[in-house]
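Have a look at the structure below before the remarks.
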Amino acid sequence: MNRWDADQESVAETPDLAALAALLADRTRAAICMALLDGGAWTAGELAEYAAVAPSTTTEHLNLLVSGGLLAEERRGRRRYVRLAGPETAETLENLAGLAPYRQVPVRSLAEANHRRALHHARTCYDHIAGALGVAIAAAMTERGLLARDYGLVLTGAGANWLAALGISDAGPAAGGRAHVRTCLDWTVRRQHLSGAVGAALYQHALEHDWIVKAVTTRILTVTAAGRRAFRAQLGLPDEALYPSLALAPPRA
């Protein structure tokens, strides 16, 4: 029978959830992470301007986020760029945002109000569609039997055929071991939107066929006239899913 030697040194690993929470407990770091949900690479200067903090302070925050594994960095010449570490990081952030309590923030102009309406309606979540549009797409695909719930969402045979008819290979985007179908808890309406390889492939298809247009400097997506026709024809989306709502605050249901 083996006996434990009290003098023997041993080390075991366990997830340090508190360390992850500490990284996001600072509002500036949280804002930086949410900005990077656009899927792009930003410089420290761009993020400093976005977060309205000093460049030196931004650099300190970025160093913590990189060392903590939430961000990855790359060098282009003398410039340092940072981006989210990967799609799993983006999905985690969106899920956490969906669970987070709401807080009141002032809206000081019509332009800001319109920006928030557009952000709530349709935006990127790294490499897939989020917001009310993303939630409507996931719901419509489920109602039409393209997705089914089996310990989470799965793509059905009808869903694979539907993707193929659109010209989307449901196998290709999963290269590299990424989850085939996943969902994020959308913070806009606190319902699920489609992520994973299938969600990313559908987003790319919508971009390439001009169903949606991504704003250059924000996460906002705009549904085009062609996109409204396509989403109606392909998924039966109603008009309220295709246009920004007049309501500013997300519903609390």
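Return one number: the angle in degrees, 0 to 90 and rounded to the nearest 10, between the long axis of the Cα atoms of helix 196-208 and the longest principal axis of the Cα atoms of the chain. Taking Cα atoms only, the helix is inclined about 50 degrees. If the segment from residue 166 to residue 12 were pulled out straight at 0.36 nm per residue, it would be longer than the present Cα-Cα gap by 50.6 nm. Any idea what angle helix 110-121 forms with the longest principal axis of the chain, computed on alpha-carbon atoms, 0 to 90 degrees, nearest 10? The angle comes out near 90 degrees. Look at [x] 46, 42, 35; [y] 69, 58, 43; [z] 52, 42, 32: the one that is Cα extents along the principal axes in Å derived from this structure is [y].
So for the chain, averaging the separation of alpha carbon pairs under 8 Å that are six or more residues apart and normalising by length, what relative contact order in percent results? Dividing the mean separation by the residue count of the chain yields 18 percent. Heavy-atom accessible surface of the chain, averaged per residue, reaches 55 Å², computed with a 1.4 Å probe. Under 5 Å between amide hydrogens, built in the peptide plane, is the criterion, and for residue 129 it picks out 203 among residues at least 5 positions away or on other chains. Amide H contacts for residue 195 (H built 1.01 Å from N in the peptide plane; partners 5 or more residues away or on another chain; cut-off under 5 Å): 182, 183, 184.
Just from its helices, what would the mean residue ellipticity at 222 nm be for the chain, if runs of 4 or more DSSP H residues each count -39500 (n - 2.57) and the sum is divided by every residue, rounded to the nearest 500 deg cm²/dmol?
Working: 11 runs with 114 residues, N = 253.
Result for the chain, helices only: -13500 deg cm²/dmol.
Largest GNM mean-square fluctuation across 238, 87, 101, computed for the chain with C-alpha springs under 10 Å, falls on 101.
Report note on the peptides 220-232, 150-162: ranked by the mean count of other C-beta atoms within 10 Å, highest first, their order is 220-232, 150-162.
The values are calculated or read from the model by the stated rules, or taken from the named source; none is laboratory data. Worth saying up front: this structure is predicted, and the values here are computed from it rather than measured. Ideal geometry is used to build each Cβ from the backbone, glycine not excepted, and the neighbour counts take in all protein chains shown. We work out accessible area using only protein heavy atoms, side chains counted, and drop any ligands, DNA or RNA first. Shrake-Rupley method; radii C 1.70, N 1.55, O 1.52, S 1.80 Å.
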